[in-house]
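Enquirer: Below is one structure. I have some questions about it.
The values are calculated or read from the model by the stated rules, or taken from the named source; none is laboratory data. Worth saying up front: this structure is predicted, and the values here are computed from it rather than measured. Glycine gets a Cβ as well: all are built from the backbone with ideal geometry, and neighbour counts include every protein chain shown. The protein model used for the area step is the full one, side chains on, heavy atoms only, and it has no ligands, DNA or RNA in it. Shrake-Rupley method; radii C 1.70, N 1.55, O 1.52, S 1.80 Å.
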Amino acid sequence: MGLKNTGFNSKLIHSGGIKDPLGSAVTPIYQTSTFSFKSAKHGSQCFSGESDGYIYTRIGNPTILDLERTMADLENGFGGIATSSGMGAVNTVYLTYLSSGDHVVCTEAVYGPSRGVLENVYPKFGIEASFVNTSELKAVKEAIQPNTKLIFLESPANPTMQITDVVAVSELAHKNNIPVCIDNTFASPYLQKPLDLGADIVLHSMTKFINGHADIVAGMIVTKTEEDFKKLRPMMVNLGCNMDPNQAFLTRRGLKTLSIRIDKAQENCIKVADYLESHPKVAWVKFPGLKSHPQYELAKKQMSGPGAMISFGLNGGYKAGEKMMNNVQLALLAVSLGGIETLIQHPASMTHSKLTIAGKLKAGITDDLVRLSVGIEDVEDIINDLDQALKDV
Ligand SMILES: *Cc1c(COP(=O)(O)O)cnc(C)c1O
């Protein structure tokens with residue numbers, strides 16, 4: 001397709017390269033479970049890999065391949081592996097690199113279920129995990145054991161907005177022959193390209209910024225090398241956490257506007273962060289675009305923009321958080337993030353309410369923490385909504 005040297009926005013529109021024989025401008029939805037072979041010989045060649053024809057949708061499908069190629073292009077990787085959800089991608093990575101007796105080092109404040117499965121499911125297969133503050137290189141170094149087979153990062157992390165130095169951790173990992181996987185959901189390849197920074201594998205919950213319209217749950221893994229791609233692909237196929245063609249079509253459509261959506265949401269978010277930081281009822285604001293963020297300089301170095309996610313704390317603690325949730329009118333009171341609509345949630349009383357106090361603190365969640373995913377509405381309306389919601393908290 002000769003798209004290698006085009007810019008990011010052109011790739012968003014034109015990458016994928018699956019052309020419909022009838023000339024449709026958009027890759028069609030190949031809504032089929034199976035594909036017929038031209039002959040017995042062709043069938044055998046498809047299975048042996050001599051021919052790259054399609055066999056069965058769990059193994060591969062043109063609509064899904066279009067999205068996989070696009071994401072690989074955007075992340076500067078070798079290949080993409082689409083999954084039914086972000087957690088499908090996370091578990092495909094864990095199961096590919098970790099066997100009984102192995103150990104994984106994981107960012108402490110990682111997405112809840114990415115940590116939850118390592119605590120509750122993998123121990124029964126004899127797989128151990130250490131959760132550390134990966135923002136501190138020393139902590140990562142100390143956590144590495146002779147049986148460490150994977151370093152799993154999330155940066156910026158959810159919901160603490162902590163940033164990990166991907167270059168430094170990747171160098172350390174590679175000295176110890178350990179692959180690095182990073183969850184790039186919060187930044188997207190528009191703002192951060194972890195494979196260029198040294199990571200081996202990138203994954204996404206495409207449910208968030210990549211699709212961007214809150215109407216799909218989907219995941220993606222992109223590898224830097226063919227070798228890692230060939231390890232991961234059969235695991236996804238055999239686990240059966242493949243994507244559906246219709247899901248791939250909608251995600252590919254949402255992806256086309258990634259940069260303009262993020263530009264607008266980020267511009268709004270910078271204004272909202274300034275507003276919140278000067279509000280008397282707000283105790284603290286964590287946003288990589290604010291000078292007060294502990295890794296402001298690192299964020300500037302490894303990301304091309306601070307994104308559209310903010311965490312902030314309320315002076316009134318838990319009660320104030322709950323009150324504010326009931327007061328918002330424009331922002332949707334909902335989990336998830338990265339969509340065109342502003343979403344707000346209070347982890348202590350909502351997503352993380354079942355955790356013990358110690359568990360919440362381990363995940364970086366204090367009772368006063370509110371998480372905001374800033375959308376692309378008029379910024380005055382977002383700020384006015386927050387302003388009226390903060391009045392009596
Ligand atoms: C949402 C999310 C996931 C999980 O993705 P699903 O698509 O919901 O399975 C993983 N990591 C991060 C950072 C997320 O925000």
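Enquirer: How much of the accessible area of segment 258-390, in percent, comes from carbon and sulfur atoms when a 1.4 Å probe is used?
Expert: 56
Enquirer: Could you work out the helix-only [θ] at 222 nm for the chain, with each DSSP H run of four or more residues adding -39,500 (n - 2.57) and the total divided by the number of residues, to the nearest 500 deg cm²/dmol?
Expert: Values: 16 runs with 156 residues, N = 393.
When only DSSP H runs of four or more count, the value is -11500 deg cm²/dmol.
Enquirer: Quick one: of LYS208/LYS301; LYS281/LYS323; LYS193/LYS301; LYS208/LYS256; LYS291/LYS319; LYS291/LYS391, which pairs are farther than 18 Å apart, Cα to Cα?
Expert: Values: LYS208/LYS301 24 Å; LYS281/LYS323 13 Å; LYS193/LYS301 12 Å; LYS208/LYS256 14 Å; LYS291/LYS319 29 Å; LYS291/LYS391 26 Å.
Beyond 18 Å between Cα atoms: LYS208/LYS301; LYS291/LYS319; LYS291/LYS391.
Enquirer: Label segment 293-393 by shape, choosing from rounded, prolate and oblate, from the square roots a ≥ b ≥ c of the eigenvalues of the Cα gyration tensor; if a/c is under 1.5 it is rounded, and otherwise prolate applies when a/b is larger than b/c, oblate when it is not. Walk me through the numbers on the way to the answer.
Expert: Working: a/c = 1.74, a/b = 1.05, b/c = 1.66.
Oblate, because a/c is 1.5 or more while a/b does not exceed b/c.
Enquirer: Could you work out the relative contact order of the chain, using alpha carbon pairs under 8 angstrom and six or more residues apart, expressed as a whole percent? Spell out each step's value before the answer.
Expert: On the way: 786 pairs, mean separation 63.2, N = 393.
Contact order relative to length: 16 percent.
Enquirer: Right, next: State, in angstrom, two size descriptors of the chain derived from its alpha carbons: Rg to one decimal place and Dmax to the nearest whole number.
Expert: Final numbers for Rg and Dmax: 21.4, 74 Å.
Enquirer: Sticking with this one: Report in % the part of the accessible area of segment 85-240 that belongs to carbon and sulfur, leaving out ligands and nucleic acids; probe 1.4 Å. If you can, show how the numbers build up before the last one.
Expert: Values: 2770 of 5400 Å².
Ligands and nucleic acids excluded, carbon and sulfur give 51 percent.
Enquirer: Once you have the alpha carbon radius of gyration of segment 245-362, what is it after dividing by 2.2 N^0.38 Å, with N set to its residue count?
Expert: Segment 245-362 yields a ratio of 1.20.
Enquirer: Across the chain, where is the longest run that never hits trypsin sites (Lys or Arg not before Pro) in a DSSP loop with at most 13 other C-beta atoms within 10 Å?
Expert: Values: sites that count: LYS4, LYS19, LYS38, LYS291, LYS354, LYS391.
That gives 39-290 as the longest site-free run.
Enquirer: What do you reckon, how do ASP196, ASP244, ASP102, ASP52 stack up by accessible area (1.4 Å probe), largest on top?
Expert: Details: ASP196 95, ASP244 65, ASP102 15, ASP52 145 Å².
Largest accessible area first, the residues go ASP52, ASP196, ASP244, ASP102.
Enquirer: Here's a follow-up. Compare GLU341, GLU75 by solvent-accessible area with a 1.4 Å probe and give them largest first, with all protein chains kept in place. If you can, show how the numbers build up before the last one.
Expert: On the way: GLU341 45, GLU75 0 Å².
Descending accessible area places them as GLU341, GLU75.
Enquirer: State the answer as a single residue: which of ALA358, HIS279, ALA320 lies farthest towards the positive end of the charge dipole of the chain, with beta carbon charges of +1 for Lys and Arg and -1 for Asp and Glu, about the Cα centre.
Expert: The listed residue farthest towards the positive side: ALA358.
Enquirer: Then there's this: Could you quote the convex hull projected area for segment 41-131, Cα atoms only and averaged over all directions, in nm²?
Expert: Working: hull surface 31.3 nm².
With the hull built on Cα positions only, its mean projection is 7.8 nm².
Enquirer: Next up: Would you list, by chain and number, the aspartates and glutamates whose Cα falls below 15 Å from the Cα of LYS271, excluding same-chain residues fewer than 8 positions away?
Expert: ASP263, GLU377, ASP378, GLU380, ASP381, ASP385, ASP387
Enquirer: What would the Debye equation give as log₁₀ I(q)/I(0) for segment 117-245 at q = 0.19 Å⁻¹, counting only Cα atoms as equal point scatterers?
Expert: Each listed q maps to, in turn, -1.28.
Enquirer: For LEU137, LEU172, give the ranking by accessible area with the largest first, probe 1.4 Å. All intermediate terms of the calculation are to be shown ahead of the outcome.
Expert: Values: LEU137 75, LEU172 20 Å².
The residues order as LEU137, LEU172, largest area first.
Enquirer: Pick out which of GLN31, GLN162, GLN266 has the largest mean-square fluctuation in a Gaussian network model of the chain, springs linking Cα atoms closer than 10 Å.
Expert: Largest GNM mean-square fluctuation: GLN31.
Enquirer: Skip the ligands, DNA and RNA, and give the accessible area per residue of the chain with a 1.4 Å probe, whole Å². Walk me through the numbers before you get to the answer.
Expert: Numbers: 16650 Å² over 393 residues.
Result: 42 Å² of accessible area for each residue.
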